[in-house]
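Notes follow the structure.
What follows is calculated from the coordinates using simple rules that are stated; it is not laboratory data. For clarity, every value in this text was computed on a predicted model and none was experimentally measured. Cβ coordinates were reconstructed from backbone atoms using ideal geometry, including for glycine residues, and neighbour counts include every protein chain displayed.
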Amino acid sequence: MAAASVVRVAGRRSRRVFDIFVAEVPWTVSSKELKEYFSQFGSVQRCQLPFDKDTGFHRRYCWIKFSTPQDVQNVFQKDSHILEGAKLALKQQPRRRHSQRKNQSE
């Protein structure tokens, strides 16, 4: 049992912060479509699109994780991002290392 908890803790430590927060995502857009759209700028590692348990719809925002910082810069070189007629609102997330998070929690 102790070994399993050590693995879970180690897994949490290795997680990296998402690179981009995306708001104003149209209701009709899926996680797969978001990943396909953003893959034109680089390698998308993960797209997290949270859903509301009560309504069953997504919450109209997501987080995108890219493989390299250059991929993130490619996204922000384009003036606007439009999916299904709606302009997406993007915000770059700061990259933080584990040691920075540890210092901030103390």
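So if R0 is 30 Å, what FRET efficiency would S80 and Q48 give, r being the distance between their Cβ atoms, rounded to the nearest 0.05? So, using R0 = 30 Å, E works out to roughly 0.85. Applying 0.36 nm per residue to the separation of T28 and K91 and subtracting their alpha-carbon distance, the gain on full extension is 20.6 nm. Once the cut-off is 20 Å, how many percent of the Cα-Cα pairs in segment 19-92 end up in the long-distance tail? Of the Cα pairs, 23 percent sit more than 20 Å apart.
Distance between the 7 Å Cα→Cβ label points at T55 and F21: 1.9 nm.
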